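K.L.:
I'd like to ask you about the structure that follows.
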């Protein structure tokens, strides 16, 4: 499903005005490989991303998006990063921006395939030989594969008190 029904209902009321949404990035790891999807809308490689449904737990959303898009069962292991994406303007003029929660997920079962039409390819890539991706997506994957036990928080400016 490309656009959730609740967003379509909101768009009927607000048109293409900016819409603040919560999203997830699921970085699925299997041994020394990461699962990536080649998007059907722009042909770029990314980790699995998606929108959190109203009332849905973020980790559940990460696992759901992986299953819906790739046919893979993945288990969220930890929150790896919290950040805000750059504003997005879609081809139809809709404007959004996302609070994105990046989860490191472990592969549990399944053979990857484009399961819902949002992607044209789903493949495992060695972590040391990734395809070309945006800097933002590379940061998300790096946060997920880092050995840090706590999530990374992205700051756009210095903290009060000079920190």
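Each value in this text was obtained by applying a stated rule to the coordinates, not by laboratory testing. Quick caveat, the model's predicted, so the values are computed rather than measured. Ideal geometry is used to build each Cβ from the backbone, glycine not excepted, and the neighbour counts take in all protein chains shown.
K.L.:
Quick check on the exposure proxy: order 90, 98, 153 from fewest to most C-beta atoms within 10 angstrom.
P.N.:
Values: 90 11, 98 21, 153 8.
Ordered from fewest to most neighbouring Cβ atoms within 10 Å, 90, 98, 153 come out as 153, 90, 98.
K.L.:
Can you tell me which of 103-114, 122-133, 59-70 comes out highest on packing, and rank the rest after it, using the mean Cβ neighbours within 10 Å?
P.N.:
59-70, 103-114, 122-133
K.L.:
Can you compute the modelled spin-label distance between residue 113 and residue 75, with each label point 7 Å from Cα toward Cβ, in nm?
P.N.:
Those two pseudo-labels are separated by 2.5 nm.
K.L.:
Still on this structure, please answer the following. Report the per residue volume, in Å³, of the convex hull enclosing the C-alpha atoms of segment 34-78.
P.N.:
Cα-based convex hull of segment 34-78, divided per residue, equals 79 Å³.
K.L.:
On a C-alpha basis, how far is the centre of segment 107-127 from the centre of segment 43-91 in Å? Whole number, if you could?
P.N.:
14 Å
K.L.:
Now a separate question. Using helices alone, I'd like the mean residue ellipticity at 222 nm for the chain: each DSSP H run of four-plus residues gives -39500 (n - 2.57), total over residue count, nearest 500.
P.N.:
Taking each H run of at least 4 residues, the total per residue is -6500 deg cm²/dmol.
K.L.:
While we're on this one: Using the Kirkwood radius over Cα pairs, work out the Stokes-Einstein diffusion coefficient for the chain at 25 °C and 0.890 mPa s, in µm²/s as a whole number.
P.N.:
The calculation lands on 150 µm²/s.
K.L.:
What share of the DSSP beta bridges in the chain is antiparallel, in percent to the nearest 5? Walk me through the intermediate numbers first.
P.N.:
Numbers: 27 of 40 bridges.
In the chain, approximately 70 percent of DSSP beta bridges are antiparallel ones.
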